[in-house]
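The values are calculated or read from the model by the stated rules, or taken from the named source; none is laboratory data. Quick caveat, the model's predicted, so the values are computed rather than measured. Backbone-built Cβ (ideal geometry, glycine too); neighbour counts: all protein chains shown. With ligands, DNA and RNA removed, areas are computed over all heavy atoms of the protein, side chains included. Shrake-Rupley method; radii C 1.70, N 1.55, O 1.52, S 1.80 Å.
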Amino acid sequence: MTTSPLRRLLLLRHAKADRPAGTADHERPLSARGRRDARAAGRLLAEADWLPDLVLCSTARRTVETWELAAVELAGLPPAHRDRRLYHPPVPELLTVVREAPPHVSTLLVVGHNPSLRDTILATAGDGVGKELQQVQEKFPTAAIALLTWRGTWAELNSRTALLTDVAVARGAH
């Protein structure tokens, strides 16, 4: 009997964004705090050994900036593939994008937005380690990273099939 491969899905909420007057939501840049937190997210990913094989990123400016700053802390990672479908999708659409990951990818990182990420975590996590599910139900703040794991293919990620193994919030020094 062969064991199905372990899959890891990392969901990173973009870091804190500014709200400049007259700027469309899609074009909002990161704030100074957001830039610090985005770099801290990269350090957190490296320290936890949560290194993605593939990165999928919303096309919104704040998500792209979050990943670009986080990636500086992670040498040799693949560049992010930008996907417009990750800009505030409902859970089924976000899962469609995830299920398209190539079979050789074991760790996928999605950089996106709330409530899409929070709702996806709550929909796919059948259980959590410790109080992670409760934490996500209460709040999934900017620069938060959730790690979901399961054995199977990307196509097999469905309602309650994954285990929420960790949640961390990246905060940079002032």
Could you list, in sequence order, the residues of the range 147-174 that are among the small types (Gly, Ala, Ser), touching a residue at least 40 places away in the same chain (Cβ under 8 Å) and out of contact with any Asp or Glu (no Cβ under 7 Å at 6 or more places or on another chain)?
152, 155, 162, 168, 173
Condition check: farther than 25 Å from residue 31 by Cβ and surrounded by fewer than 20 Cβ atoms within 10 Å (Cβ to Cβ). Does residue 163 satisfy that?
yes
Pairs returned, first residue in the range 68-80 that is buried (at least 19 other Cβ atoms within 10 Å of the Cβ), second residue that is part of a helix (DSSP H, G or I) and basic (Lys, Arg), beta-carbon separation under 8 angstrom, 6 or more apart or interchain, are 69/35; 69/39; 70/39
All conditions in (1) under 27 Å from residue 152 (Cβ atoms); (2) of a type in the set (Ser, Thr, Tyr); (3) free of Cβ contacts under 8 Å to residues at least 40 places away in the same chain are true of residue 23 except (1)
Taking residue 61, is it over 16 Å from residue 169 (Cα atoms), in contact with a His (Cβ under 8 Å, 6 or more places away or on another chain), surrounded by fewer than 20 Cβ atoms within 10 Å (Cβ to Cβ) and at pLDDT 95 or above?
yes
If you scan the range 1-15, which residues turn out to be closer than 15 Å to residue 143 by Cα, part of a loop (DSSP other than H, G, I, E, B) and open to solvent by 10 Å² or more (accessible area, probe 1.4 Å)?
14
Quick test for you: out of 80, 75, 70, 41, pick the one residue that is under 23 Å from residue 149 (Cβ atoms) and at pLDDT below 95.
80
Being part of a strand (DSSP E or B) and among the charged types (D, E, K, R) is the requirement here; does residue 35 meet it?
no
Only one of (1) outside any loop (DSSP other than H, G, I, E, B); (2) open to solvent by 60 Å² or more (accessible area, probe 1.4 Å); (3) closer than 22 Å to residue 163 by Cβ; (4) touching a strand residue (DSSP E or B) at 6+ places or on another chain (Cβ under 9 Å) does not apply to residue 51, and that is (1)
Picking from 37, 25, 83, 18, the residue that is at negative phi and open to solvent by 60 Å² or more (accessible area, probe 1.4 Å) would be 18
Do you know which residues across the range 119-129 are under 19 Å from residue 50 (Cα atoms) and either open to solvent by 20 Å² or more (accessible area, probe 1.4 Å) or at pLDDT below 90 (or both)?
128, 129
